[in-house]
1. Could you look through the stretch 159-171, keep only residues that are of a type in the set (A, V, I, L, M) and within 16 Å of ligand 2 (Cβ to nearest atom), and pick out the one that is most open to solvent (accessible area, probe 1.4 Å)?
2. Scan the stretch 224-256 residue by residue and report those that are crowded, with 19+ Cβ neighbours inside 10 Å and on the phi > 0 side of the Ramachandran plot.
3. Output the residue which, of all residues in the stretch 439-456 that are in contact (Cβ under 8 Å) with a residue 60 or more places away in the chain and buried (at least 19 other Cβ atoms within 10 Å of the Cβ), is nearest to the chain's Cα centre (by Cα).
4. If a residue counts only when it is touching a Pro at 6+ places or on another chain (Cβ under 9 Å), which helices (runs of 4 or more DSSP H) contained entirely in the stretch 208-301 have at least 2 such residues?
5. Any idea which residue in the stretch 185-210 is most open to solvent (accessible area, probe 1.4 Å), counting only those that are acidic (D, E) and under 31 Å from the mean Cα position of the chain (by Cα)?
6. Would you check if E241 is under 20 Å from Q16 (Cβ atoms) and away from ligand 2 (no atom under 16 Å from the Cβ)?
7. Could you list all residues from the stretch 466-494 that are crowded, with 23+ Cβ neighbours inside 10 Å, over 21 Å from the mean Cα position of the chain (by Cα) and either modelled with pLDDT under 95 or within 14 Å of G277 (Cα to Cα) (or both)?
8. From the residues in the stretch 1-17 that are within 16 Å of ligand 1 (Cβ to nearest atom) and more than 11 Å from the chain's Cα centre (by Cα), which one is nearest to K501 (Cα to Cα)?
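The values are calculated or read from the model by the stated rules, or taken from the named source; none is laboratory data. Just so it is clear, the structure is predicted and the values come from calculations on it, not from any experiment. Here the Cβ positions follow ideal geometry from the backbone for every residue, glycine too, while neighbour counts run over all protein chains shown. The accessibility values were calculated without ligands, DNA or RNA, using every heavy atom of the protein model including side chains. Shrake-Rupley method; radii C 1.70, N 1.55, O 1.52, S 1.80 Å.
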Amino acid sequence: MRQIKVFDTTLRDGEQSPGCSMNLAEKIEMAKQLEKLGVDIIEAGFAIASPMDRKSVQAIAAAVSSCTVASLARCTKGDIDAAWDAVKEANHPRIHVFLATSDIHMEYKLQMTREQVLQRIREMVAYAKSFCEDIEFSAEDASRSDWAFLARCYENAIAAGATTLNVPDTVGYSTPQEMRDLISYLRENVKGIAEVDISVHCHNDLGMAVANTLASVQAGATQMECTINGIGERAGNASLEELVMAIRTRRDYYGADTNINTRQIYRSSKLLSTITGVPIAPSKAIVGANAFAHESGIHQHGVIANAQTYEIMNSAEVGIPQNTLVLGKHSGKHALQEKLASMGYELSEEELEGVFTRFKAMADRKKNITGSDLEALVLHRRNNKINVQTGACQLVSHVINTGDGMPNTAYIKLQREDVTMEDVAIGSGPVDSSFKAINRMLGVDVRLDGFSLNAVTDGEDAIGEAVVKIVAPDGEPYTGTGLSTDIIEASIRAYVNGINKMIENTGYPTKE
Ligand code: KIV
Ligand code: ZN
């Protein structure tokens, strides 16, 4: 059985996609989840892109121990210095250098000749190698490059010390057969290629990223680059969960496997969606709400008789919690901890304390607490951890007055460090008036860019999850999420959470 390496770029290529930006604490939490998931390599960011990127790559390098941690770098000394500085404390550091090799990129973007590109690859891979043993070289737009030239680029990279050669389908243009042929061609025509890993990095512009990656694996690729939920530039990257489950379910066909603990797939997908506020489409393969639902009578009948009639995987294999009644008002902390552990969540004592307090509050309002309710509480625990040092705010109480033919008013009370603030505002609805009251009391000037509400579970006492997208005066977007059985409260919590992220990042608005 061939072992295929999983290179996760959720925190780099994925985070580049609109609406998917994460703050430092969120990136670290996501990286730790990726480690639990069992990915081989985490691409933690693009260190040169900003001081924040460099800091988050550094923090991830320190936070994870079993995975290799990579930082992206263009083929320049400045980029490589920044990448090395960010990953050097990792147990297994990697520098990932890239340079475009297609004629169109070389002529219009780089304004470099083929000879200059070959020389730059040699020099910069060797420069990166002077710091780090593990070097990945990517030929950007490889799938639209001249194959013979591409083979020379990779030979130069190997000669200069690259240990992984990545073949990106940067613009999602390729087809599975073409990727298969390209990988076969490179295996036959690049000297030294048998000694290094061959990686593929496919974008999903034509909806073929997963198929292209799998075809490359068939042709001999030993590493797949992918993201959780397939997030990424434009139409995204190949989705990790789809690749891994295709290879696992069709082991008979691919003759390969990965190190992924598939029972952590659903949790990883949910965590990312909760952090970014980007929902998972119900029909999304593997992790969508309908991925394991059988609606038609004929299918239900078949599944009851023998699950394999219509199920090629089972939901427990990807870690989907069973949505049965689990705990109630009288359950203690120990029972909660055991239930969470059985669902795969291990919390620190402090985290458990916080989740237990919120569990009790929820149990007062909601009779039946299901696996999905508990999962939502755990995934939202970050939102309730107030970082006093950054001056973040906490909702103390709220009173909303709303009705037909009368003004909608909101009274909101917040705590910011040791200061309690309150204000009242009139708005076009309960949510609008609440947000206006918060803006006024904090003196913030943010633009509301998106707002959505979803029920986490079924039933009339379902928990509502609100997602709020705000844009700070400097143009930086922030996503806040909030949870409550009361949808107005969920909305206020989401708004405060978004503002707290802005405060953490910029210090704006100041306390005075
Ligand atoms: O899509 C791409 O080509 C990339 C490279 C930097 C690997 O993301
Ligand atoms: Zn990419």
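1. Narrowing the stretch 159-171 to residues of a type in the set (A, V, I, L, M): 159-160, 162, 165, 167, 171.
Narrowing further to those that are within 16 Å of ligand 2 (Cβ to nearest atom): 165, 167, 171.
On the way: L165: 3, V167: 2, V171: 46 Å².
Filtering first and then ranking leaves V171.
2. Result: N229, G230, G232, G236.
3. The selected residue is V456.
4. Details: elements: 209-219, 240-249, 251-254, 265-276.
Passing ranges, in order: 209-219, 265-276.
5. Let us first name the residues in the stretch 185-210 that are acidic (D, E), namely 188, 195, 197, 205.
Adding the requirement that they be under 31 Å from the mean Cα position of the chain (by Cα) leaves 197, 205.
Numbers: D197: 30, D205: 59 Å².
Restricting to residues being acidic (D, E) and under 31 Å from the mean Cα position of the chain (by Cα), the top hit is D205.
6. Numbers: under 20 Å from Q16 (Cβ atoms): yes; away from ligand 2 (no atom under 16 Å from the Cβ): yes.
Yes: the conditions hold for E241.
7. A490, S491, R493
8. Looking only at the stretch 1-17, we keep the residues that are within 16 Å of ligand 1 (Cβ to nearest atom), and these are 5-17.
Subset that is more than 11 Å from the chain's Cα centre (by Cα): 5-7.
Working: K5: 34, V6: 31, F7: 28 Å.
The extreme case among them is F7.
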